[in-house]
Amino acid sequence: MTDRPGEVLRLPAFALFWSSSTLGAFTGAVSALAFQVLIVKTLNATPLEIGLLNAANVVPYLLFGLIVGALMDRWRRKPAMVLASIGRALVLGMIPVLWVTDTLTVWSFGGLFLLFGALTLIADSAAQPMLPRLVPRNQLVAANARLGQAGTVAQTTGPALGGAIVSWLGAPIAILVDAVAYLVSAVMLSRIRVEEPKAERRTDGRHLGHDIVEGVRWTYSHRTLAPMAASVNVWFLGNSIALTAFVPYALRELDLGALLFGLVLAMGGVGGFLGAVLAPMAGRRFGVGGAVLAGRALSALAWLAILVLPASDNLAIIAIPLGIGQFLFGLGMGLEDPNEMGYRQAVAPDAMQGRLNASIRTVNRVMFLIGALVAGGLATAFGYRVTIAVAVVIFVVAAFVVLFSPLRTARHEDS
């Protein structure tokens, strides 16, 4: 069986998984926009309340990420995904009900938003370790590439679709449409046929804390997964700093209009789709280490390109290097993500999949929060360009972690 992306969708179980994931990606893009409109327009939240609600998006991952990851190595993953989809549908369905009854407030929405985030955490924590049970290991890169392609299309076109739905129906009703979509997703997931062995019962007195510590230790001591985890953790720090500075840099300092800024961001989606298409071939030719290294290097080059602006008063000309930078950034992520995820899923034993992903994801979220705070301080003291330059240096460090580690020569066929 080949590892070309076109072949993997012929597997019935993965086809349902991919369809559910694709629907979820579009639903998530619509929900994200509807949430923002609801917060700002419908609920008239203050800037402080907006900040708190946006911060609440990562709270479940920080508080419960490691716990849920450990539970995914004890629980069956398909039921967890189905129940999480149903739960999210019910939570979203409560929002228009509260709105119609005039009881929807910033704080009631905040409570539902936290619950929605917790259910999304469960779904994400189950999905990543579920994939190796659906496709052969030699097709994991192809499967992740297909998922990446669909996700990139959703991220590129989803906001426009969400904007149209919100403009037509209003934010609360648009969220109800998303609730129905999650129910459809749950039905798709329930139809997946997969054998899930029940985890062995613990008889040695080990509790969940032991499992969590074991997962973190295993992840960050593995010969090739440890540098992969460290590199992506550093990458998240740089990414947070860059993204935090880029929006005000483009909209305030460069004075790009909303339309031009949207076109710049859309180039990232184009690059991401192309990268996901090329990812399996890159993994076969250059190995997982080479593909990940290329992605990390492109991240540094992308943000460096954003700093090289032509001397012009024409905003369209100024936007060109910004668009090129976003294209290269998306290209790098598209190349590395399928190879990185496929390798992690192939190398880790099934009993460690949930904890491996949770360990890396939780540290990533911590790095993202640190990066946002650092970016705020750097931008205040030195300006947006210097802040983005610091992010470039951090991206280079993330590439060096791969370059000077055993991961550099790792290949998928060795996993």
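The values are calculated or read from the model by the stated rules, or taken from the named source; none is laboratory data. The structure displayed is predicted, hence computed values, not measured ones. All Cβ positions, even for glycine, are placed from backbone atoms using ideal geometry, and neighbour counts span all protein chains on display. These area figures cover heavy atoms from the full protein model, side chains too; ligands, DNA and RNA do not enter into them. Shrake-Rupley method; radii C 1.70, N 1.55, O 1.52, S 1.80 Å.
Numbers below:
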{"read-out": "Over the chain, relative contact order from alpha-carbon pairs under 8 Å, at least 6 apart, %", "value": "27"}
{"read-out": "Principal axes of the chain: Cα extent on each, largest first, Å", "value": "65, 58, 41"}
{"read-out": "Exposed GluC sites (Glu not before Pro) absent: longest stretch of the chain, with sites in DSSP loops and at most 12 other Cβ within 10 Å deemed exposed", "value": "201-415"}
{"read-out": "Förster radius 56 Å - calculated FRET efficiency between Leu183 and Arg252 (Cβ-Cβ, nearest 0.05)", "value": "0.85"}
{"read-out": "The chain: DSSP helices with Cα axial extent of at least 24 Å and average Kyte-Doolittle hydropathy no lower than 1.0", "value": "12-37, 77-100, 106-130, 171-190, 225-248, 258-307, 384-403"}
{"read-out": "For Trp218, solvent-accessible area (1.4 Å; no DNA, RNA or ligand), Å²", "value": "70"}
{"read-out": "Projected area averaged over orientations for segment 268-415, convex hull of C-alpha atoms, nm²", "value": "10.1"}
{"read-out": "Segment 258-415 - percent relative contact order, Cα under 8 Å, separation 6 or more", "value": "38"}
{"read-out": "Inter-label distance, nm, simple model (7 Å from Cα along the C-beta direction), Ala164/Glu214", "value": "5.1"}
{"read-out": "Spherically averaged projected area of segment 245-344 from its Cα convex hull (nm²)", "value": "6.4"}
{"read-out": "His412, His207, reordered so the largest accessible area comes first (probe 1.4 Å)", "value": "His207, His412"}
{"read-out": "Local electrostatic count at Ala15 - Lys and Arg +1, Asp and Glu -1, tallied over other residues with Cβ under 11 Å", "value": "+3"}
{"read-out": "Solvent-accessible surface ranking, highest first, for Val177, Val100, Val401, Val232 at 1.4 angstrom", "value": "Val100, Val177, Val401, Val232"}
{"read-out": "Heavy atoms of Arg217 accessible to a 1.4 Å probe, total area in Å² rounded to 10", "value": "150"}
{"read-out": "Segment 286-366 - charge dipole about Cα centre, Lys and Arg +1 at Cβ, Asp and Glu -1, debye rounded to 20", "value": "280"}
